[in-house]
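The values are calculated or read from the model by the stated rules, or taken from the named source; none is laboratory data. All of these numbers come straight from a predicted model, not from anything done at the bench. In this analysis, Cβ positions are derived from the backbone assuming ideal geometry, glycine residues included, and neighbour counts consider all displayed protein chains. What goes into the accessible areas is simple: the full protein's heavy atoms, side chains included, and nothing from ligands, DNA or RNA. Shrake-Rupley method; radii C 1.70, N 1.55, O 1.52, S 1.80 Å.
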Amino acid sequence: QVQLVESGGGLVQPGGSLRLSCAASRFTLDRYAIGWFRQAPGKEREGVSGISNSDASTVYADSVKGRFTISRDNANNTVYLQMNSLKPEDTALYYCAAGPFELVVASINKSPYYMDYWGKGTLVTVSS
C-alpha cells in the first residue's frame, strides 16, 4: 500500500525553526508533485506550500512566504519543509500529500483540492 509519513514536528519557541520531512514508500515520489497542508484546531485545512515533480517549481501561501522553504530529494523519496521564524499562528497539524501540481497550486491559501495520497500528519506547536 502507498504510504506517506510526516516527521519533524514538535514544540518550538516563536522565532525558532523546524524541518519537516515527508517520506514516501511503495511508490516513486518523483512521479508526483507534493503539497504541504496544515490544519489548526477549529480551522479548515489549508495549502501551505508545494513543489512540482518535473522542474521543482515551488509555490507558497502568502502567510509563509520568506519564512518556509520546500525542497525534494528524489533519491531518498523525501520532501522537506524548512520552517524558519515560526509564529504562534503556525501552530497546526501539518500534512503532506501527493498529486498533480496543478491541484497543489490551486490548494494554496484554500482548502485542498483532490490529492491522490495523504500522510497522517505531524504536529507543530509554536509557543513560549
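Summary of values
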quantity: Of residues in region 26-40 being touching a Ser or Thr at 6+ places or on another chain (Cβ under 8 Å) and at pLDDT 90 or above, the one farthest from Leu103 (Cα to Cα); calculated: Ala40
quantity: Wholly enclosed strands (runs of 3 or more DSSP E) of region 1-57 bearing at least 1 residues farther than 18 Å from Val105 by Cβ and of a type outside the set (Val, Ile, Thr); calculated: 3-7, 10-12, 18-25, 33-39
quantity: Single unsatisfied condition, Gly47 versus (1) free of Cβ contacts under 8 Å to residues at least 60 places away in the same chain; (2) in contact with a Phe, Trp or Tyr (Cβ under 6 Å, 6 or more places away or on another chain); calculated: (1)
quantity: Criterion: touching a Lys or Arg at 6+ places or on another chain (Cβ under 9 Å), closer than 18 Å to Gln3 by Cα and either open to solvent by less than 50 Å² (accessible area, probe 1.4 Å) or at pLDDT below 95 (or both) - qualifying residue of Tyr94, Tyr117; calculated: Tyr94
quantity: Residues within region 47-69 that are of a type outside the set (Phe, Trp, Tyr), open to solvent by 10 Å² or more (accessible area, probe 1.4 Å) and out of contact with any helix residue (DSSP H, G or I) (no Cβ under 8 Å at 6 or more places or on another chain), tallied; calculated: 8
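Residues are listed down the side, and each one gets a yes or a no for (1) over 25 Å from Ser25 (Cα atoms); (2) among the aliphatic types (A, V, I, L, M); (3) assigned to a strand (DSSP E or B):
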| residue | (1), (2), (3) |
| --- | --- |
| Ser85 | yes, no, no |
| Ala98 | no, yes, yes |
| Glu102 | no, no, no |
| Ser111 | yes, no, no |
| Leu123 | no, yes, yes |
